[in-house]
1. Taking the number of other C-beta atoms within 10 Å as the exposure measure, put R233, R157 in order starting with the fewest.
2. What percent do you get for the relative contact order of the chain when only Cα pairs under 8 Å and 6+ apart count?
3. Taking neighbour Cβ counts within 10 Å as the exposure measure, how do S657, S252 sort from fewest upward?
4. Let me have the relative contact order for region 637-738, percent, based on Cα pairs under 8 Å that are six or more residues apart.
5. Of the DSSP beta bridges with both residues in region 518-641, give the percent that are antiparallel, rounding to the nearest 5.
6. Report the net charge of residues surrounding W245, where surrounding means a beta-carbon distance below 10 angstrom and charges are Lys +1, Arg +1, Asp -1, Glu -1.
7. With an 8 Å Cα cut-off and a minimum separation of 6 or more residues, compute the relative contact order for region 387-451 in percent.
8. For every other residue with a beta carbon closer than 10 angstrom to the beta carbon of K662, add +1 if it is Lys or Arg and -1 if Asp or Glu, then tell me the sum.
Amino acid sequence: MKSFASAVLAAAALAGFTAHAQDAVTYDAATKVFRIDGGQVTYAFGVNDLDELQPVYWGAKLVTGDPLPAAHTNEGHASFDLPTSTTPQEFAGWGAGLYLEPALKITFPDGNRDLVLHYVSHTIEGSTLTVRLKDIEREVFVDVRYAMDPATGVLGRSAVIENKTTTPLVIEQAAAATWTLPQGTNYTLDTMTGRWAGEDALHTEPLHQGERVLESRRGSTGHQNDPWFAIERAHTNDQDAGDVWFGALAWSGSWRITIEQDLLNQVRVTGGYNPFDFGYKLAPGESLATPVFYGGYTHDGIGGASRLLHRFELTQILPQRPHPKPRPVIYNSWEATEFNVSEAAQEALAEKAASIGVERFVVDDGWFGQRKTDHAGLGDWYVNKDKFPNGLKPLIDKVHALGMDFGLWVEPEMVNPDSDLYRKHPDWVLNFTGRPRTEGRNQLVLNLARPDVRAYVFGFLDKLLTGNDIAFLKWDYNRNWSEPGWPAVAADEQKQVYVKYTENLYGILKELREKHPNVEIESCSGGGGRVDLGILRYTDEVWPSDNTDPYDRLLIQDGFTYAYTPGVMMAWVTDSPGWMNRRTTTVEYRFLSSMQGGLGVGANLNHWGPEDFATAKHLIAEYKQVRETVQHGDLYRLVSPQTNGEQSGSEQSVTESVSPDKSQAAVFAFLHSSTQGYPYPLLYLRGLDPHAQYRLHWMTGKPGGQLPEVASGQYWMSAGLALNLIGDFQATAFRLDKVQ
Ligand code: GLA
């Protein structure tokens, strides 16, 4: 017989919500402790004896009623380290005796630079808590916000700083939050670094006393560091075991995350606007909101951390949340034709693309203005009449007739000096008066913080989408800032560009989506130069790297998925040998490498023979059977190719994706090169239902090993599966479907 409790839970699930014994946010007035619960996580902090917010707990979910101690200021450490520095705070102003990273640093016009924030009040609305802080003397208020995702336990933290004094003040440093880990020394830090065509290399290093800085000073997210971190306690090589705290900053402008281990081995992570060259003038009555810094905890290792982040991004961040549509199979001719686009040539490629099952045809750079090379045309967003004499309509109609939808490349924030736009508005770019304007790829950055530039960019995009049946924009951004001046505003307001530029970028994307709700957008920045949880609120997918070498991609894609869901990760099958490494690989190897995310084809189809078309058609059909699992399922890295930031990946790479209901799994396995006849490592799958039976289906032309046709989930996870991968650049893939 069903118990009363389980009947209530079942009814609650039917009604679309889950019953919680513990409210998401509770406040204990006796101890002055706030407790926030979500997923398998409890987060708690208190108001201490000095009225500061002091962290108390962040980790595995506690039982309702478990004791959470009241917060008490720590002793100082000799006369050199005052209690302000030895007591961790949730959101510390730079003032009193703080020697660690502050969350907020302000200079007042009278020269005062001391800021000490104390608790004033709080409000709780559902799973959101807002705590109001105020300086001990001045009318500077900070609302610190905590929004808990009940499903994943990922907590979003941010702050709004309000100037209620009668004079302007300058914010020199503003973080979204400081995260504090349990005191200890056995921590390992995971970060990601990269560069153009070499993004997302994972580094794992022991945490030591001192500060580690991850940042971008470039005006946008950058290829160099991902705004993401993970900290493992007692690091093991098992991807799916161990305590991990992780976080991701949702900001696409200059940003910084610092990881500090202080003198008493307290680890704190502070992230927000990059204080380098910051200096936001806040007039009386104005406020500044910080980006959101998301943080989570898991007991299931770095693999568990990424699965939580993936789920969170799919259900809480992406524009089509909570159920984003799977990415269609695309064709893009950039690598095949570069700027040499024309109606006839694109139509010929479209016919071939449609024949293999492509669903979206994308015209890349070169279709507009006087764009023959990267020296001219950016900014002039009219269709080039030589290449498309009757506009884009004939090509779009043709693409539709072939059963595909149509996408177009744009780079809205940039201008070539050789353009009508720049000749007319040389003052529209970022610049310092009288100083050189440093070009990158022969282009300059339009200052999107300017209202007229914002209006222009929105206007031409709106017109393009209104006048043409366009389903998709590839939004590119091919350089970083230089000389970030804004001469049109007063000198002491120019640094607001670091905030207002990115806010306007988000604003344009938001308005475009509202006005054209069926249009999907990709964030590209010379590959993965602008990928973060901020841009992902407005874009459906990203281009992780211009490097389309299928072997290099295994490493880049593995790294990418520590922070971002494969549901946004586009990957194209391009020509072989590839331009990057002149490496030769089979069509099958290239497809399997690209099928681990959103699949695209970027090869010159005019060079393909009948066998290539047949392989492509077969694998695209196979991909469509697993894409929901690959894009929205749970990812297990059975063999990660990471080699701790070394130049190349390891010999093997294996991913397994399991659908949320465990009815399907898709496995992709790769071998760089056999040596000394060693066999391929046995595979032990994860995440299946041990009691269910699963049927095997090879996606590739021939079996990749001698595996049973049907076996239990327990078998697939325990038996040790032997693949017969041998040779150079070998790959195989199979799927398991639950037998109903
Ligand atoms: C960037 C992109 C490429 C391509 C070119 C076009 O490099 O990352 O995919 O669109 O621009 O100029």
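1. Working: R233 16, R157 26.
In order of increasing Cβ crowding within 10 Å: R233, R157.
2. Computed over the chain, the figure is 9 percent.
3. Listed from fewest to most nearby Cβ atoms, that is S657, S252.
4. 32 percent
5. Values: 1 of 9 bridges.
Percent antiparallel among DSSP bridges in region 518-641 is about 10.
6. -1
7. Across region 387-451, relative contact order equals 30 percent.
8. After counting each charged neighbour, the total is -2.
Where a number appears in this text, it was derived from the coordinates with a stated rule and is not lab data. Note that this is a predicted model, so its numbers are computed, not measured. Note that we place each Cβ from the backbone using ideal geometry, even for glycine, and neighbour counts take in every protein chain shown.
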